[in-house]
Amino acid sequence: MYHEWIKVLNTSLLFRGINPDALDTMLNCLNPVIQRCKQREIVALYGQPFHGIGIVVSGSIALTKESYHGDRIILEILNAGGVFGEVIAFSDSKIWTITVITQEDSCLLFLPQGKITGNCSSVCPAHNLLITNMMKILSERTLTLNRKIEHLSAKSIRGKVSSYFLDMYRQTGKTVFAVPMKRFELADYLNIPRPSLSREMGLMRDSGIIDFNGSSIEIKNVFILEESIR
């Protein structure tokens, strides 16, 4: 039943180290709910009952929240293999604390909370590894949140943009990289008005700090980027 997604699921951190045969057995044990969604469809809504840990098996989604002023803030974009809802699953909350929106036509699997955080009826040999992987995902989520706080704590628009580009530079080890978001999504992620982001990036290009073409960014002066966030 789940064979078409085994290859994608094996790329997910949640199932890392679990061989395809064991993964197929585990999926039959976990019995996830399959949800096929259209582009821009709300998958989970803030305040609604939580219904399980989600995995993107095709397409992409945005994890979002709304500010007190009603502006949408993108917390993270997840592609195939991405996991969401794990923080809620390991908390006492029974409601979604984020809103999840598909970025394109997507397919998602939802794993029952009890079978991940508790004991499943049939003890899967790989279940302990699954729990270990889940702890790693929680750690990664904390690091991601800390990085976002650094971006948003910058005092200027240039500081926020510079912080994000420096983070991408450190993650990739390259001065040329692709931003995994569209321009309007990056504006929402950094909580910057969209015209202001485009204007600031244009000024940074004119100053010889960066160059860009579509989603590709080239950092030309790392030192000035670092100075911009101080």
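Would you mind working out the accessible area per residue for the chain, using a 1.4 Å probe, and quoting it in Å²?
Accessible surface, normalised per residue, equals 52 Å².
Return the loop-located trypsin sites (Lys or Arg not before Pro) in the range 1-106 (DSSP other than H, G, I, E, B) with at most 16 other Cβ atoms within 10 Å of their own Cβ; answer none if there are none.
16, 38, 40, 94
Can you work out the FRET efficiency for the pair residue 132 and residue 167, with r the C-beta to C-beta distance and R0 = 22 Å, to the nearest 0.05?
Computed FRET efficiency for residue 132 and residue 167: 0.25.
For the range 160-171, what does the Karplus curve 6.51 cos²θ - 1.76 cosθ + 1.60, with θ = phi - 60°, yield as ³J(HN,Hα) per residue in whole Hz, taken in order and with x for Gly and Pro?
5, 5, 4, 4, 5, 5, 5, 5, 5, 4, 5, 5
Tell me, what ³J(HN,Hα) does each residue in the range 217-230 have, in order and in whole Hz, if you take phi through Karplus 6.51 cos²θ - 1.76 cosθ + 1.60 with θ = phi - 60° and put x for Gly and Pro?
Listing the rounded values in order: 10, 10, 8, 9, 9, 5, 4, 5, 4, 5, 5, 5, 9, 8 Hz.
Quote the accessible area belonging to residue 182 in square angstrom, nearest 10, computed with a 1.4 Å probe and with ligands, DNA and RNA left uncounted.
Solvent-accessible area, nearest 10 Å²: 120 Å².
Given N residues in the range 1-135, what is Rg(Cα) / (2.2 N^0.38 Å)?
This ratio for the range 1-135 stands at 1.04.
Enter the accessible area of residue 95 (Å², nearest 10), with the probe set to 1.4 Å and all protein chains included.
70
Kindly provide the helix-only [θ] at 222 nm of the chain, computed as the sum of -39,500 (n - 2.57) over DSSP H runs of four or more divided by all residues, to the nearest 500 deg cm²/dmol?
Calculated at 222 nm, the ellipticity per residue is -12000 deg cm²/dmol.
What's the percent breakdown of Cα-Cα distances in the chain across 5 Å bins, shortest bin first?
Reading the bins upward from 0: 1, 6, 13, 17, 17, 14, 12, 9, 6, 4, 1, 0, 0.
Could you list the chymotrypsin sites (Phe, Trp or Tyr not before Pro) in the range 1-76 that lie in coil according to DSSP, counting only those with at most 12 other Cβ atoms within 10 Å of their Cβ?
68
Could you go through the range 41-53 in sequence order and give the Karplus-derived ³J(HN,Hα) for each residue, using 6.51 cos²θ - 1.76 cosθ + 1.60 with θ = phi - 60°, rounded to whole Hz, and x for Gly and Pro?
8, 7, 8, 9, 10, 3, x, 7, x, 6, 10, x, 6
Give me the percent of accessible area attributable to carbon and sulfur for the chain, probe 1.4 angstrom.
Carbon with sulfur: 52 percent of the solvent-accessible area.
Taking just the C-alpha trace of the range 29-94, give me its Rg and Dmax in Å.
Rg, Dmax (Cα atoms, Å): 12.7, 44.
The values are calculated or read from the model by the stated rules, or taken from the named source; none is laboratory data. Everything quoted here is computed from the prediction, not taken from an experiment. Here the Cβ is made from the backbone with ideal geometry for all residues, glycine too, and neighbour counts use every protein chain on show. Ligands, DNA and RNA are excluded from the accessible area calculation, which covers all protein heavy atoms including side chains. Shrake-Rupley method; radii C 1.70, N 1.55, O 1.52, S 1.80 Å.
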